[in-house]
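The values are calculated or read from the model by the stated rules, or taken from the named source; none is laboratory data. Remember, predicted model here, so these are calculated numbers, not experimental data. Because the Cβ atoms are built from the backbone with ideal geometry, glycine has one as well, and the counts that use them run over all protein chains shown.
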Amino acid sequence: MATLDLTGIYKQFGSVTAVHDVNFQVQDGEFMCILGPSGCGKSTLLRMVAGFEMPTSGDIRIDSESVTALSANRRPTAMVFQKYTLWPHMKVSENIAFGLQLRRLPRAVIEQKVKESLALVSLSGYEDRYPAQLSGGQQQRVALARALVLEPKILLLDEPFSSLDAILRVRLREELRRIQRRLKITAIFVTHDQEEALTLADRIAVMNAGHIEQLAAPSEIYASPSSLFVADFIGAMNLIPGTVSGGRLMLGALPVDAPAGLSDGPVTVAIRPEDLVVLDAPQASAWSMTVEQISDLGYYRRAILEMPGMQSLKIFLPKALEAQERGTLHVYARRYLVYRDGNAPQEVVRGLPVSAA
Amino acid sequence: MKDDSDTLMTTLPTPAPRPSWRKAAIAYALIAPPLLLMVFLIFIPALQSTARTLTVDVNGTPGFTLSRYIAFFQDPVSVSNLMFTFQITLITLLVIFLVCFPLALYLRFANGRLAGAVQVLALFPLFVPGVILAFALIRFLGTRGTLDTMLSIAGFTGFRTPYLKPDAIVFGLVWESIPFTVLVLTAGLRQVSDALIESARDVGANNWQIFWRIILPQISRPVLIAFSLNFLGIFGSYTIPYLLGPAAPQMMGVFMQQTFGQYRRPDDAETQAVITFLICAVVGLLYVRTVASQRKQEQDS
Ligand SMILES: Nc1ncnc2c1ncn2[C@@H]1O[C@H](COP(=O)(O)OP(=O)(O)OP(=O)(O)O)[C@@H](O)[C@H]1O
Ligand SMILES: [Mg+2]
């Protein structure tokens, strides 16, 4: 049972600001993902929670008690690293037992706990193997067992599955989620893989250039990205530059509905591919565009559409819809977000034009 | 494979693999010269010497005898010199590790300007020949040497020079062994990744526990290599003990030289040499086993 509070966390490496004013709270039993592009400071943030890096300023509290001044070996956190970090000279059981031995637990208790934790990660019977005799996936499971056996208040994971192949990665993250739910342990999971974050997290903190851009549930991050960066980073998105003048919003030469009360000036309009619907006839409020390219992705197709005076758009097409390259499609945006100057976006939702119904 | 495969499809001519006996022959031809050199310059003379120490002339026919060895171990001077050599070697080794482990750990984990300077300093003795080092140490440690002068300026007059005492040998040998030992240990320590150390700290280990339980077991090979090679160098050392050490007892190198050159007893010198050689061979074997096990592990993984 544990909560984690970060207040005003900064981290400076020489002239590089790796983490910039991070503030958030992780609730008891919550699974939080930190998601962001390479080099945005995810690992640095996690390593400050673990105690491997000292924040330049700010406070880290676990269960309301500051741990900022504690060294890593005194913090109630346990970490699973990206690289394989089992100690090669110790057997699996010794790797897991090491932390317990440091806590001077009786031998019988240690043996019992090692056994239970191996069962938890489905590796019973692997006690006497050496790390070199395990596959990458098995090694990471042992690393997870080694972290969990200490019953940490906060479990930290830094891209633990990123060196595994895609199928194994999916399997292990499902297993991790199951274990985390069962133990109700508070966890922070760092990844640059948005699918991983969207499937695992209770909440996602999207990080960019050292700071948190948005912290919300996956569905909310997907539906209302709070900034252009998040809009672009999460999922497929069409970002179209536009201008507002006299209350009218122009995308290139085409007018679209503007949200109320928008003053004149440049904006960016974000449309998810799935919010573009194909009409069967041209409409004043729809765009007639040429199909540039169609890619078959199994149960749906992705197409790239073009028209003069407008940038190309990504769109998803159902299999049943007839479309071919060089053909024309009439598309209509039924929902979009309008961004201006780092402010929260304004949402526009439109009903379908009458004749399309 | 079928013979007609070439008629079914056009294949690029692949170079015929060299027969393995030819590869082996080339390899042996390449290593033959140094190997022969070693056989003729080292192994055969050593075997001949050893054989001579074990033979006695009985009316013109050679016979087997241990008398020379019995004489060596019954001679109190010989035995005390052998014991002294062991003593100096083990004490020197202990001091070397006490000095070099902190240095190597520092060089492994620190970075920046100071670490660079320490690195250069640690390697410095490598470029100083033993004789020069010995005279420098005499100047520094001798009566009215630099240290003595500095201490008396500071008002401390009780300084007794270690020059011509066993301590001076240890001092000189330690100084000579630092670069090699630091190099080997630092290279070994670099094999232990930061992540392995961090994960140990993460489960609660302090620096001391990390050193004993995580680092040391993983660098046992470099430690054994440093131990055995230093042992060989120290046990058979000559220059430093000759120039810095006492007249008695003597280390085996000095003892041999005196027996041979001053007392003109080449037979006894030969016996001393064989005994020294056998002791070193045991340690040499330890080294060979360590290196071989490392090689085997590298091949396995
Ligand atoms: N020890 C360090 N010394 C100097 N700069 C560092 C150090 N650690 C990280 N940085 C810098 O801080 C920034 C953030 O690095 P960090 O490793 O936290 O990124 P990340 O989001 O984890 O990236 P990735 O997805 O590639 O792992 C980078 O610019 C990096 O170069
Ligand atoms: Mg990282």
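Taking A:GLN101 as meeting all but one of (1) of a type in the set (S, T, N, Q); (2) in a helix (DSSP H, G or I); (3) more than 12 Å from every other protein chain (Cβ to nearest Cβ), write down the number of the exception.
The one condition A:GLN101 does not meet is (3).
A:LYS91 versus (1) within 14 Å of another protein chain (Cβ to nearest Cβ); (2) within 25 Å of A:PHE233 (Cα to Cα); (3) free of Cβ contacts under 8 Å to residues at least 40 places away in the same chain: which is the lone unmet condition?
(2)
For A:MET54, which of the numbered conditions (1) within 12 Å of ligand 1 (Cβ to nearest atom); (2) within 21 Å of B:ASN206 (Cα to Cα); (3) aliphatic (A, V, I, L, M); (4) surrounded by 22 or more Cβ atoms within 10 Å (Cβ to Cβ) fails to hold?
Result: A:MET54 fails condition (4) only.
It is to be established whether one or more residues within region B:136-155 are within 14 Å of chain A (Cβ to nearest Cβ) and either aromatic (Phe, Trp, Tyr) or more than 28 Å from B:MET83 (Cα to Cα) (or both).
First pass over region B:136-155, keeping only residues within 14 Å of chain A (Cβ to nearest Cβ): none.
Taking every residue of region B:136-155 in turn, none turns out to be within 14 Å of chain A (Cβ to nearest Cβ) and either aromatic (Phe, Trp, Tyr) or more than 28 Å from B:MET83 (Cα to Cα) (or both).
Taking region A:7-23 as the search range and keeping residues that are away from chain B (no Cβ under 14 Å) and at positive phi, which one is farthest from ligand 1 (Cβ to nearest atom)? If you could, list the steps in order and put the result at the bottom.
Keep residues of region A:7-23 that are away from chain B (no Cβ under 14 Å), which gives A:7-12, A:15-23.
From what's left, at positive phi: A:8, A:21.
Details: A:GLY8: 18, A:ASP21: 15 Å.
Going through the qualifying residues, I end up with A:GLY8.
Quick one: would you say A:LEU305 is under 29 Å from the mean Cα position of the chain (by Cα), buried (at least 17 other Cβ atoms within 10 Å of the Cβ) and without any contact (Cβ under 8 Å) to a residue 40 or more places away in the chain?
Numbers: under 29 Å from the mean Cα position of the chain (by Cα): yes; buried (at least 17 other Cβ atoms within 10 Å of the Cβ): yes; without any contact (Cβ under 8 Å) to a residue 40 or more places away in the chain: yes.
Yes, satisfied.
Hey, can you tell me all the residues within region A:25-46 that are touching a residue at least 12 places away in the same chain (Cβ under 8 Å) and within 12 Å of ligand 1 (Cβ to nearest atom)? Walk me through it before giving the result.
Initial filter on region A:25-46 (touching a residue at least 12 places away in the same chain (Cβ under 8 Å)): A:25-38, A:40-46.
Hits for region A:25-46 are A:ILE34, A:LEU35, A:GLY36, A:PRO37, A:SER38, A:CYS40, A:GLY41, A:LYS42, A:SER43, A:THR44, A:LEU45, A:LEU46.
Would it be correct to say that B:ILE178 is within 13 Å of another protein chain (Cβ to nearest Cβ) and in contact (Cβ under 8 Å) with a residue 24 or more places away in the chain? Write out each step before concluding.
Numbers: within 13 Å of another protein chain (Cβ to nearest Cβ): no; in contact (Cβ under 8 Å) with a residue 24 or more places away in the chain: yes.
So B:ILE178 does not fit the description; no.
When the residues of region A:7-45 are filtered to those that are among the small types (Gly, Ala, Ser), farther than 21 Å from A:LEU155 by Cα and more than 16 Å from ligand 2 (Cβ to nearest atom), which remaining residue is surrounded by the most Cβ atoms within 10 Å (Cβ to Cβ)? Step through it out loud before you land on a result.
Within region A:7-45, the subset among the small types (Gly, Ala, Ser) is A:8, A:14-15, A:18, A:29, A:36, A:38-39, A:41, A:43.
With the extra rule that they be farther than 21 Å from A:LEU155 by Cα, the set shrinks to A:8, A:14-15, A:18, A:38-39.
Then keep just the ones that are more than 16 Å from ligand 2 (Cβ to nearest atom); that gives A:8, A:14-15.
Details: A:GLY8: 11, A:GLY14: 6, A:SER15: 5.
Across region A:7-45, the extreme among qualifying residues is A:GLY8.
Among the residues of region B:211-219, are any within 14 Å of chain A (Cβ to nearest Cβ), outside any helix (DSSP H, G or I) and either closer than 30 Å to A:ALA78 by Cα or modelled with pLDDT of 90 or more (or both)? Show your work before the answer.
Here is the first cut: in region B:211-219, the ones within 14 Å of chain A (Cβ to nearest Cβ) are B:211-219.
If we keep only those that are outside any helix (DSSP H, G or I) as well, we get B:219.
Cutting the leftovers down to either closer than 30 Å to A:ALA78 by Cα or modelled with pLDDT of 90 or more (or both) gives us B:219.
Yes: one or more hits.
The rows are residues; the columns are (1) within 16 Å of ligand 2 (Cβ to nearest atom); (2) touching a Gly at 6+ places or on another chain (Cβ under 7 Å); (3) part of a helix (DSSP H, G or I); (4) within 14 Å of another protein chain (Cβ to nearest Cβ).
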site	(1), (2), (3), (4)
A:LEU150	no, yes, no, yes
A:LEU156	yes, no, no, yes
A:PHE161	yes, no, no, no
A:ARG171	no, no, yes, no
A:ARG178	no, no, yes, no
A:ARG182	no, no, yes, no
A:PHE189	yes, no, no, no
A:LEU198	no, no, yes, no
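For A:LEU4, indicate whether it is within 14 Å of chain B (Cβ to nearest Cβ) and either buried (at least 21 other Cβ atoms within 10 Å of the Cβ) or over 26 Å from A:ILE221 (Cβ atoms) (or both). Spell out how you get there, then give the answer.
Details: within 14 Å of chain B (Cβ to nearest Cβ): no; either buried (at least 21 other Cβ atoms within 10 Å of the Cβ) or over 26 Å from A:ILE221 (Cβ atoms) (or both): yes.
When the stated conditions are applied, A:LEU4 does not pass them.
If you check A:VAL331 against the conditions, is it under 17 Å from A:PRO255 (Cα atoms), assigned to a strand (DSSP E or B) and in contact with a Ser or Thr (Cβ under 9 Å, 6 or more places away or on another chain)?
Here the answer is yes, as A:VAL331 does meet what is asked.
Would you confirm, using the coordinates I've provided, whether B:ILE70 is surrounded by 13 or more Cβ atoms within 10 Å (Cβ to Cβ) and not polar (S, T, N, Q)? Spell out the reasoning first.
Values: surrounded by 13 or more Cβ atoms within 10 Å (Cβ to Cβ): no; not polar (S, T, N, Q): yes.
When the stated conditions are applied, B:ILE70 does not pass them.
Restricting the search to region A:66-88, which residues are in contact (Cβ under 8 Å) with a residue 24 or more places away in the chain, part of a loop (DSSP other than H, G, I, E, B) and at the interface with another protein chain (Cβ under 9 Å from one of its Cβ atoms)?
Of region A:66-88, the ones in contact (Cβ under 8 Å) with a residue 24 or more places away in the chain are A:75-88.
Okay, now just the ones that are also part of a loop (DSSP other than H, G, I, E, B), so A:75-76, A:81-88.
Across region A:66-88, the qualifying residues are A:ARG75, A:PHE81, A:GLN82, A:LYS83, A:TYR84, A:THR85, A:LEU86, A:TRP87, A:PRO88.
Would you point out the residue of region B:266-301, among those that are within 14 Å of chain A (Cβ to nearest Cβ) and assigned to a helix (DSSP H, G or I), that is nearest to B:ILE219 (Cα to Cα)?
At the first step, the residues of region B:266-301 found to be within 14 Å of chain A (Cβ to nearest Cβ) are B:293-294, B:296-301.
When the remaining residues are screened for being assigned to a helix (DSSP H, G or I), the result is B:293-294, B:296-300.
On the way: B:SER293: 13, B:GLN294: 11, B:LYS296: 16, B:GLN297: 14, B:GLU298: 15, B:GLN299: 18, B:ASP300: 18 Å.
Filtering first and then ranking leaves B:GLN294.
Among the residues of region A:109-135, which ones are among the aliphatic types (A, V, I, L, M) and away from every other protein chain (no Cβ under 11 Å)? Can you show your working first?
We begin by selecting, within region A:109-135, every residue among the aliphatic types (A, V, I, L, M); these are A:109-110, A:114, A:118-121, A:123, A:132, A:134.
Scanning region A:109-135 gives A:VAL109, A:ILE110, A:VAL114, A:LEU118, A:ALA119, A:LEU120, A:VAL121, A:LEU123, A:LEU134.
Give A:GLY327, A:GLY261 a once-over and let me know the one that is under 24 Å from A:GLY246 (Cβ atoms) and without any contact (Cβ under 8 Å) to a residue 40 or more places away in the chain.
Values: A:GLY327 fails: under 24 Å from A:GLY246 (Cβ atoms).
Unique residue meeting the criteria: A:GLY261.
Going by the conditions given, is A:PRO106 farther than 22 Å from A:PHE13 by Cβ, surrounded by fewer than 18 Cβ atoms within 10 Å (Cβ to Cβ) and either more than 12 Å from chain B (Cβ to nearest Cβ) or at pLDDT below 95 (or both)? So that I can check it myself, show each step before the final result.
Numbers: farther than 22 Å from A:PHE13 by Cβ: yes; surrounded by fewer than 18 Cβ atoms within 10 Å (Cβ to Cβ): yes; either more than 12 Å from chain B (Cβ to nearest Cβ) or at pLDDT below 95 (or both): yes.
So A:PRO106 fits the description; yes.
Could you list, in sequence order, all residues of region B:229-265 that are in a loop (DSSP other than H, G, I, E, B) and within 30 Å of B:VAL184 (Cα to Cα)?
Of all residues in region B:229-265, those in a loop (DSSP other than H, G, I, E, B) come to B:236-238, B:245-251, B:262-265.
Hits for region B:229-265 are B:GLY236, B:SER237, B:TYR238, B:GLY245, B:GLN250, B:MET251.
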